[in-house]
Each structure stands twice: as structure tokens, then as C-alpha cells.
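Here's the structure, in C-alpha cells; my notes come after.
The values are calculated or read from the model by the stated rules, or taken from the named source; none is laboratory data. A quick note: this is a predicted structure, and the numbers were derived from the prediction, not measured. Cβ coordinates were reconstructed from backbone atoms using ideal geometry, including for glycine residues, and neighbour counts include every protein chain displayed. Note: accessible area is taken over every heavy atom of the protein model, side chains too, but ligands, DNA and RNA are not part of it. Shrake-Rupley method; radii C 1.70, N 1.55, O 1.52, S 1.80 Å.
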Amino acid sequence: MPSDKATGTILLVSVCAAFSYYTFWVLVMPFVDNDHILHSYFPDRFFGLAAPFLIAWTVLMSTFGYIGFLMIESRHPSDLDSSGRVQTVRLSSHSRF
């Protein structure tokens, strides 16, 4: 099993390589001629924005889904009636809320 230092080094090098590749792809490749050989090493520019957007959307929706799940599962048993449903609270018309 590799040591923590070796694992950290591998992760750091991997992340730096991915960041450098993405930065070169998004910031430099638009200024390179379309018939240049470098374009064969990079996907279409559309994916330069679509992929991070989809990743961010997935993380955001997963976070909201997890928070919603926790909110549903954390109901106190006294909030439930005998059939297991949440009791509805009706406010009177004279309530300040």
C-alpha cells in the first residue's frame, strides 16, 4: 500500500496536469488556427463550458437532494399522527403569522 506522501504526490500531479490541460484547452486553443495539429488532442470547445456546468449542476442537485432527504428523515415522531403522516397545523384567521 502506498504511503500518504506518495498518494498525495500522485493526486497533486494529477490535478495539476488536468488543470493545465483544461486551461490550455479553454484559454489558448481558441487562438490557434483550426487546421493546426494541436486541435486533434482536444475535444470541441463546446465541452469546455458544458462539462464544468454539468458537473456543477450534478453536485448542486446532489447537495440539495441530500439536504432534502435529511429534512424528511429528521422529522420528530411527535409530528406524526397514528398513521405515520405529518400532522397539518392550521393557523386561525386571527394569528399574527
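At a glance:
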| quantity | calculated |
| --- | --- |
| Residue tally, condition open to solvent by 100 Å² or more (accessible area, probe 1.4 Å), modelled with pLDDT under 90 and more than 30 Å from residue 23 (Cβ to Cβ), over the stretch 42-86 | 6 |
| Residue ID - nearest to residue 48 (Cα to Cα), chosen from residues in the stretch 1-12 that are open to solvent by less than 90 Å² (accessible area, probe 1.4 Å) and of a type in the set (Val, Ile, Thr) | 9 |
| Evaluation of residue 26 against (1) open to solvent by 60 Å² or more (accessible area, probe 1.4 Å); (2) within 26 Å of the chain's Cα centre (by Cα); (3) modelled with pLDDT under 95 (one fails), failing number | (1) |
